[in-house]
Protein chains: 2
Amino acid sequence: MDEFALIRRHFAGLSPARADVLLGIGDDCALLQPSPDRQLAVTSDTLISGRHFPEATAPADIGWKALAVNLSDLAAMGAEPRWFTLALSLPVADADWLAGFAAGLRELATASGIALVGGDTTRGPLSITITAMGEVPPGQALRRDGARAGDLVCVTGTLGDAALALKLLDQPGLPPPLRRRLDRPEPRLKAGLALRGLATAALDLSDGLAGDLGHILAASGVGAEIDLRALPASSHFNGLAPAADRTELMLRGGDDYELCVCLPPEALEEAQQRLDVPLTQIGRITAQPGLRSVDVSGSTQPQDACGYRHF
Amino acid sequence: MDEFALIRRHFAGLSPARADVLLGIGDDCALLQPSPDRQLAVTSDTLISGRHFPEATAPADIGWKALAVNLSDLAAMGAEPRWFTLALSLPVADADWLAGFAAGLRELATASGIALVGGDTTRGPLSITITAMGEVPPGQALRRDGARAGDLVCVTGTLGDAALALKLLDQPGLPPPLRRRLDRPEPRLKAGLALRGLATAALDLSDGLAGDLGHILAASGVGAEIDLRALPASSHFNGLAPAADRTELMLRGGDDYELCVCLPPEALEEAQQRLDVPLTQIGRITAQPGLRSVDVSGSTQPQDACGYRHF
């Protein structure tokens with residue numbers, strides 16, 4: 001089967017019809033109609049087999065996750081999802097694999113209202129690059145550079161679940177909800193939109209809290225102190241995470257895809273009311289640079305604000 | 001060196017500053033300001049080492065070509081280049097390779113006024129996916145579905161040079177201008193803009209004339225007859241292409257990155273005057289479906305309108 005037949009069969013009509021897609025898959029470019037008086041938010045993320053997901057991951061989960069990690073960036077910007085392109089590199093054109101991959105991709109694309117508008121299919125080691133586009137009203141994007149001393153540092157949902165699932169991957173009895181946190185991250189799109197006008201800075205947690213928060217600190221020219229006792233954990237995490245690994249998993253584990261948000265103390269209550277997911281205060285922004293943590297004993301330690309190193 | 005240092009060192013400030021880039025590399029998303037009353041043209045293309053360029057290709061040429069093939073899609077749509085993202089997968093973080101790659105990318109980005117606004121760097125087999133965005137006034141995009149019986153079929157520049165260079169790659173004395181046609185394709189951006197309002201259909205030639213023209217025929221519901229004697233060849237091609245391979249190289253060789261354009265006969269002269277590159281009539285659109293060629297002896301043969309098969 002040739003490239004064009006592949007694309008047509010599995011990806012044409014994959015995603016919701018949008019009136020702003022003037023020309024979708026099948027020409028040199030997609031033609032899209034941006035909304036008047038909006039800014040365009042654009043992100044690209046690549047997933048490589050064995051690095052960003054276990055090689056044995058189900059094709060539908062790979063399709064979901066490839067889109068989810070990009071939607072998570074739109075969420076962290078406070079942008080509404082609009083369109084995406086898919087660059088798919090495959091070792092073989094396996095119809096079953098493609099059908100599964102397209103099904104997972106379709107499920108999340110439909111749920112979030114984003115349309116597949118183009119891309120490329122090549123033969124090569126399994127790798128997926130998605131470029132996602134969203135829109136945001138002028139001046140309302142959630143950036144990394146607005147955190148101020150005195151702001152609260154908060155996170156949505158729970159931390160460390162995906163990293164724990166990866167650690168326990170080959171062990172029997174891994175609870176499906178925990179595994180799902182690794183395979184099917186839920187981009188916090190509604191939360192991102194609800195935080196517009198409240199958050200001073202935000203990003204999504206992909207490489208681990210310490211390193212990702214470090215990006216906010218660097219961009220905003222501030223520091224932070226976080227309380228390790230306040231980090232939110234799921235019941236599965238509490239039941240299964242080895243005591244010695246808990247802090248490391250929550251602080252440096254990747255693939256959380258929760259939002260890390262800074263906001264003034266007086267905005268916390270409204271933010272919590274607006275969100276469809278728990279928002280937990282875990283620390284404070286400080287004028288003093290660097291990242292520090294307060295541990296169980298109440299003592300303060302400096303933390304290396306570095307995340308997953310891709311090289 | 002970590003991913004972020006890599007990106008900062010080689011890609012930050014790589015491309016021309018544009019006032020419509022509100023936030024570039026370094027946040028969850030880039031923030032861009034689309035022009036009022038314009039449509040957005042978006043394309044994604046992947047280059048994989050050993051498939052889309054010879055493994056020994058100079059890093060600067062790889063950087064150039066990765067952007068050029070995407071700009072060629074914008075050109076074929078009649079869109080003005082605006083912004084692009086870069087997803088780069090590298091086996092090792094080699095500073096010399098990155099410097100060369102960035103230099104080639106910068107050269108073409110600067111020449112075409114397109115800004116690098118984001119992307120992703122991962123460790124993996126060498127692969128580059130660029131997503132390029134451009135803008136076009138409403139209703140003026142050059143699509144594939146507007147060709148009508150009686151239209152002329154034309155191509156810019158010359159055909160078969162890149163395919164010949166690839167064929168002769170390991171032979172001594174390959175003329176640098178011919179090699180350059182393989183390594184440094186020139187996207188026909190000015191030609192694409194100049195053809196707005198004149199062409200009824202257009203696309204760029206990446207997989208070979210026969211297959212690519214086949215896409216116009218399928219999308220427009222027409223056929224075509226092309227005259228093999230009229231296919232434009234460079235002097236290097238004429239001097240070096242084996243007689244037995246000439247037609248195959250020009251008809252089915254990939255990587256031309258010329259535009260194939262359909263237009264009414266009365267528009268040809270103005271199109272030729274407007275373009276900064278030769279535009280040669282090679283055939284006609286017919287109501288009769290299928291692709292046919294007229295050979296040196298004047299006899300007509302059916303042609304398989306299929307290009308390079310990626311699987």
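Report, by residue number, each residue of the range A:192-203 that is outside any helix (DSSP H, G or I) and either β-branched (V, I, T) or out of contact with any His (no Cβ under 8 Å at 6 or more places or on another chain) (or both).
Listed by number, the residues that qualify are A:L195, A:R196, A:G197, A:L198, A:A199, A:T200, A:A201, A:A202.
Just one of B:L168, B:L189 is touching a residue at least 60 places away in the same chain (Cβ under 8 Å), of a type outside the set (V, I, T) and over 20 Å from B:G239 (Cα atoms); which is it?
Criteria check complete, one pass: B:L189.
Taking interchain pairs and intrachain pairs at least six residues apart, which have beta carbon atoms under 9 angstrom, with the first residue in the range B:204-231 and outside the structural domain of B:L251 (by TED's automatic domain parsing) and closer than 16 Å to B:V69 by Cβ and the second crowded, with 23+ Cβ neighbours inside 10 Å and hydrophobic (A, V, I, L, M, F, W, C)?
The qualifying pairs do not exist here.
Is it the case that B:Q301 is more than 14 Å from chain A (Cβ to nearest Cβ), without any contact (Cβ under 8 Å) to a residue 12 or more places away in the chain and under 21 Å from the mean Cα position of the chain (by Cα)?
no
Within the range A:126-140, which residues are crowded, with 24+ Cβ neighbours inside 10 Å and among the aliphatic types (A, V, I, L, M)?
Across the range A:126-140, the qualifying residues are A:I128, A:I130, A:A132, A:M133.
Which of the residues that make up the range A:97-134 are facing chain B (nearest Cβ under 9 Å) and either assigned to a helix (DSSP H, G or I) or acidic (D, E) (or both)?
A:D120, the sole residue that qualifies.
Can you pull out every residue in the range A:41-56 that is under 27 Å from A:L193 (Cα atoms) and in contact with a strand residue (DSSP E or B) (Cβ under 6 Å, 6 or more places away or on another chain)?
Hits for the range A:41-56 are A:A41, A:V42, A:T43, A:S44, A:D45, A:T46, A:L47.
If I filter the range A:55-90 down to residues being modelled with pLDDT under 95 and over 23 Å from A:A12 (Cβ atoms), which single residue comes out as farthest from the other protein chains (Cβ to nearest Cβ)?
Out of the qualifying residues, it is A:A56.
Could you tell me whether the range B:250-271 includes any residue that is at positive phi and among the aromatic types (F, W, Y)?
Within the range B:250-271, one or more residues are at positive phi and among the aromatic types (F, W, Y).
The values are calculated or read from the model by the stated rules, or taken from the named source; none is laboratory data. Everything numeric in this text was worked out from a predicted model, so none of it was measured. Every residue, glycine among them, receives a Cβ derived from its backbone with ideal geometry; neighbour counts consider all protein chains shown.
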